[in-house]
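Scroll down for the structure; my scribbles are underneath it.
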Amino acid sequence: MSGGLALTVGLAVLIGISLGLLGGGGSILAVPLLVYVADLPAKEAIATSLLVVGVTSAVGVLPHARAGRIRWRTGLVFGVAGMAGAYAGGRLAEFVPAGVLLTGFALMMLATAVAMIRGRRAAAGRPAPHELPVLRVVLDGVVVGLVTGLVGAGGGFLVVPALALLGGLPMPVAVGTSLVVIAMKSFAGLAGYLSSVGIDWGLAAAVTAAAVVGSLLGGRLAGRIPEEVLRKAFGWFVVAMGVFVLVQQVPDEVRTNPLLWVALGLAAALAIGVAVRRSRRRERQPTRTAVAAGRR
């Protein structure tokens with residue numbers, strides 16, 4: 001095994017851990033890994049990532065199912081709707097330049113990360129729904145599926161926020177349910193890509209095997225980490241990967257300019273400061289409400 005292949009396979013374990021632990025992030029890791037480490041063309045890397053993430057997610061469902069952390073009806077309906085969108089997105093991707101796909105991928109990652117870090121304001125005190133309304137799940141599934149097929153993301157970085165922030169599912173349940181959706185949509189998106197893109201099946205098999213091992217490990221860890229920590233970890237992880245992918249699309253003469261990195265550092269510091277202040281404000285809010293109730 002060559003050094004590049006060994007490194008690719010070794011890092012692929014992180015793809016599985018991310019999927020098993022966070023219910024997403026597989027393609028966020030897989031696409032940059034296959035492009036920048038395995039040196040695959042962007043569209044071949046995207047197609048390969050869909051295969052890797054699809055198989056890994058299907059295996060990663062097992063520990064979550066045993067622990068009762070899956071809403072099956074929601075996951076299957078979301079998955080079927082997402083498959084239609086993902087197949088259409090995979091076919092449309094043939095006509096979109098690779099650089100545009102990767103840039104769009106990075107921007108959506110950053111937007112989703114902000115939503116996850118901020119959290120769901122109305123979640124406190126509400127009971128978690130057992131299943132989500134079918135029509136809403138179908139609409140969300142088609143939209144997320146279209147994005148999945150276009151940019152090669154298994155969709156967890158969009159599905160988990162949709163289930164946790166919009167649907168109100170507890171984060172561990174959103175993670176488990178997301179894996180069902182990701183597996184279904186990844187295979188549909190792959191079918192769309194295979195009409196125009198080839199895959200190195202040997203490399204794909206090696207990366208998939210390593211990722212499966214990681215997913216089983218991540219699934220065991222998922223139920224032991226507090227929900228708030230898990231959600232924010234997911235958000236900051238996506239921020240880091242989104243910035244990395246976005247910077248890679250910048251021309252070399254700009255990317256090597258120190259001013260770019262200074263600006264990114266200042267932006268990151270500002271974003272962290274805003275997130276911390278908002279988090280502290282939310283923590284103080286219940287106390288203020290309780291004091292006001294006591295006065296009445």
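No lab work stands behind these numbers, since they all come straight from the coordinates. Nothing here was measured: the structure is a model prediction, and the numbers come from that model. Ideal geometry is used to build each Cβ from the backbone, glycine not excepted, and the neighbour counts take in all protein chains shown.
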Take the Cα pairs of region 61-108, get the Kirkwood Rh, then feed it into Stokes-Einstein at 37 °C and 0.692 mPa s and tell me D in µm²/s.
249 µm²/s
Would you be so kind as to identify which of 208, 55, 230 lies farthest towards the positive end of the dipole of region 3-249, taking Lys and Arg as +1 and Asp and Glu as -1 on Cβ and the Cα centre as origin?
230
Packing-based exposure ordering (other Cβ within 10 Å, fewest first) of 39, 252, 200
252, 39, 200
For region 3-249, build the convex hull from the C-alpha positions and give me its volume per residue in Å³.
99 Å³
